[in-house]
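Visitor: Before anything else, here's the structure in question.
The values are calculated or read from the model by the stated rules, or taken from the named source; none is laboratory data. For clarity, every value in this text was computed on a predicted model and none was experimentally measured. Cβ: placed from backbone, ideal geometry, glycine included. Neighbour counts: every protein chain shown.
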Amino acid sequence: MGDTRRSKAVHRYHARSTHAPGRFAPGPGHLDWANQPEPFRIWEGAPLVELPLAGDDLTATWTDLHRPGNVTPRPLDRATLGAFLELSLGLTAWKEAGGSRWALRANPSSGNLHPTEGYALVPPLPGVACGVYHYRSRDHVLERRLTSSKGAAARLVECLPEGGFLVGLSSIHWREAWKYGERAFRYCQHDVGHALASIRYAAAVLGWSARLLDAPGDSDVAILLGLDRPPAHEGLDAADREHPDALVLVAPPHVIEEGRRSFGDALDELTRRAGEGEWAGRPNSLSPEHRRWPEIDAAVEATAKPRTSGDADQSAGALEAVFPEGEPEAGEATPATRFIRQRRSAVAMDGQTSVSSAAFFGMMERLLPRPGVPPWDVLPWTPRVHPVLFVHRVEGLGPGLYLLERDDGVHGTLERSLRRNLLWEQVAGSPDGLHLFLLEEGDARAFARLASCQQAIASDSAFSLGMLSVFENSLAEGPWWYRRLFWESGVLGQVLYMEAEVHGVRGTGIGCYFDDVVHELLGLEGERIRDLYHFTVGGAVEDPRLATRPAYVQTVRSRPR
């Protein structure tokens, strides 16, 4: 499929999967509970490696994570690998109500359906052989998919920077399509973005960094994770299979940039070595029956990424925002692990809680990319997603419509694209380097609710927002940028999740929104700028019927050395 045809297919999918008042994207119509997908992938028959729960011993504060050099890198070993996976893709709690039980994870997901699967390609460690592993989050264990011979392992290690390893991400689109139908492909991409940010935060807790590798194509990712191997999928319905998404390099900060630049040259070697070892395990079936969604299949084909040179990678530090002189007290003395584990999605907002202007500005500051600061340095491109904010209850800030520019070079594009009668007033009292503009004064609650599919959670919060993407120009670089725009939106959502926790409130991603209603409010026409995700932050209403249980029960916890 040529790029022109693929681009047309992307636009067709995006139009079909767009919600509008009175016309929702095609969906299942009802929830087929008998065929609800199993939320955990298990590679049956794969050898297991138990991981210790070592996160309790990591004391880096939330403030430390945002100060390059404040956290001394831990050595890579079985305990630190276990802590990393627990804090990035592991469980944070079990919830119980009315006889039902479900897990919460460090990486949030639309509908808590969790289409994202995680893998690790690691060098030889004490207690962990060199190879490719799937992380089974339910049990906090590694499932050994590929074991390399001694010679192949040595060559594999040569492809990795010192103290580094690879994390692979894949998606099972059926898990989301079961509930959301055609729009599910969007949500799966949001979830990849949330996972990328979770990976970067977890790496920072250990003094490491992480970078999405730009060069690998989807076929490279599939080969390295063993997802291209027909024997592994014999008898498995196509809907239950995993789609390759991304490879992330995790390593100490001082070696990650050199490792990223040299990785393109190592791809051929890595993919060759993947065929030399012994693969194990067969994936479990997730549902007895499946419903087909041809438009999702078409979107998968249209957005497939080929291998690229990676030479165009840019540092995610285009907007050189200054560090605030007085860091807010929230997070200064609290271990970052506490915020990661306590993160929750609010199911309702109280309609009363406000946030201070200092807290609000602090959250906005965290949305700006800075060199060496998580999570934005995980993305190898300058920002292409910019929040349009519906401010309801921020002390010292009038209600209204605001916009945050996350890249110095986007102002002209946005000003030309949005309707002409907007104010574009720089917000008084905002920190230097924060390009936050008041567009329109007034009560935005009714519109925020309408724009988010009439959900009160968007109007009962302290503020909510949409995410405007530089859509047309990004897709012109390749149809696979469609996925990446959603990934960036997911990273932005994860930052807001975490910052809400740090400031004593709560956040929720909103996948159901009326794209074109927001476009009409802003006067957007054509495909230059598109709204890709909504989010809301405020005072959560807790459900007393829910009981919370520990994520894992393990009597012996190994300390990282």
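Visitor: Return the residues of the range 212-225 that are of a type outside the set (Val, Ile, Thr) and surrounded by fewer than 24 Cβ atoms within 10 Å (Cβ to Cβ); say none if nothing qualifies. Don't jump to the end; show me each part of the working.
Guide: Step one: filter the range 212-225 for residues of a type outside the set (Val, Ile, Thr), giving 212-220, 222, 224-225.
Leu213, Asp214, Ala215, Gly217, Asp218, Ser219, Asp220, Ala222, Leu224, listed by residue number.
Visitor: If Tyr201 meets every condition in (1) among the aromatic types (Phe, Trp, Tyr); (2) under 16 Å from the mean Cα position of the chain (by Cα); (3) within 20 Å of Gly131 (Cβ to Cβ) apart from one, which number is that one?
Guide: (3)
Visitor: Could I ask something else about it? Please determine, by comparing only the residues of the range 278-300 that are assigned to a loop (DSSP other than H, G, I, E, B) and among the aliphatic types (A, V, I, L, M), which one is farthest from Arg12 (Cα to Cα). Lay out the reasoning, then the answer.
Guide: Let us first name the residues in the range 278-300 that are assigned to a loop (DSSP other than H, G, I, E, B), namely 280-281, 284-293.
Narrowing further to those that are among the aliphatic types (A, V, I, L, M): 280, 286.
On the way: Ala280: 39, Leu286: 29 Å.
Per the criteria, the residue is Ala280.
Visitor: Right, here's the next one. Give the residue that is nearest to Ala540 (Cα to Cα), with candidates limited to residues of the range 445-471 that are more than 22 Å from the chain's Cα centre (by Cα) and not small (Gly, Ala, Ser). Walk me through it before giving the result.
Guide: Within the range 445-471, the first condition is being more than 22 Å from the chain's Cα centre (by Cα), and the residues that meet it are 445-451, 453-456, 459-462.
Cutting the leftovers down to not small (Gly, Ala, Ser) gives us 445, 447, 449-450, 453-455, 460.
Details: Arg445: 17, Phe447: 20, Arg449: 16, Leu450: 20, Cys453: 19, Gln454: 18, Gln455: 14, Asp460: 9 Å.
That would be Asp460.
Visitor: Take residues that are β-branched (Val, Ile, Thr) and tell me which of the helices (runs of 4 or more DSSP H) falling wholly in the range 111-221 contain 2 or more.
Guide: Numbers: elements: 150-158, 173-180, 184-205.
Passing ranges, in order: 184-205.
Visitor: Just to be sure before I move on: is Leu368 among the hydrophobic types (A, V, I, L, M, F, W, C), in contact with a Lys or Arg (Cβ under 7 Å, 6 or more places away or on another chain) and closer than 30 Å to Ala246 by Cβ in the structure I sent?
Guide: Values: among the hydrophobic types (A, V, I, L, M, F, W, C): yes; in contact with a Lys or Arg (Cβ under 7 Å, 6 or more places away or on another chain): yes; closer than 30 Å to Ala246 by Cβ: yes.
It is true that Leu368 is among the hydrophobic types (A, V, I, L, M, F, W, C), in contact with a Lys or Arg (Cβ under 7 Å, 6 or more places away or on another chain) and closer than 30 Å to Ala246 by Cβ.
Visitor: Against the conditions (1) closer than 30 Å to Thr18 by Cα; (2) touching a Phe, Trp or Tyr at 6+ places or on another chain (Cβ under 8 Å); (3) surrounded by fewer than 23 Cβ atoms within 10 Å (Cβ to Cβ); (4) not hydrophobic (A, V, I, L, M, F, W, C), where does Tyr180 fall short? Just the number, please.
Guide: Tyr180 satisfies all of (1) closer than 30 Å to Thr18 by Cα; (2) touching a Phe, Trp or Tyr at 6+ places or on another chain (Cβ under 8 Å); (3) surrounded by fewer than 23 Cβ atoms within 10 Å (Cβ to Cβ); (4) not hydrophobic (A, V, I, L, M, F, W, C) except (3).
Visitor: Considering only the range 226-242, I want to know if a residue exists there that is crowded, with 23+ Cβ neighbours inside 10 Å and either in contact with a Cys (Cβ under 7 Å, 6 or more places away or on another chain) or not in a loop (DSSP other than H, G, I, E, B) (or both).
Guide: No, because not a single residue in the range 226-242 is crowded, with 23+ Cβ neighbours inside 10 Å and either in contact with a Cys (Cβ under 7 Å, 6 or more places away or on another chain) or not in a loop (DSSP other than H, G, I, E, B) (or both).
Visitor: Do we have Thr80 as in a helix (DSSP H, G or I), within 22 Å of the chain's Cα centre (by Cα) and not aromatic (Phe, Trp, Tyr) here?
Guide: On the way: in a helix (DSSP H, G or I): yes; within 22 Å of the chain's Cα centre (by Cα): yes; not aromatic (Phe, Trp, Tyr): yes.
Spelling it out, Thr80 is indeed in a helix (DSSP H, G or I), within 22 Å of the chain's Cα centre (by Cα) and not aromatic (Phe, Trp, Tyr).
Visitor: Might you check whether a residue that is at pLDDT 95 or above, more than 18 Å from the chain's Cα centre (by Cα) and closer than 30 Å to Leu270 by Cα occurs anywhere in the range 93-113?
Guide: So far as the range 93-113 goes, no, none of its residues is at pLDDT 95 or above, more than 18 Å from the chain's Cα centre (by Cα) and closer than 30 Å to Leu270 by Cα.
Visitor: Which condition does Tyr13 not pass, out of (1) within 30 Å of Ala500 (Cβ to Cβ); (2) aromatic (Phe, Trp, Tyr); (3) not in a loop (DSSP other than H, G, I, E, B), if it passes all the others?
Guide: All conditions are met except number (1).
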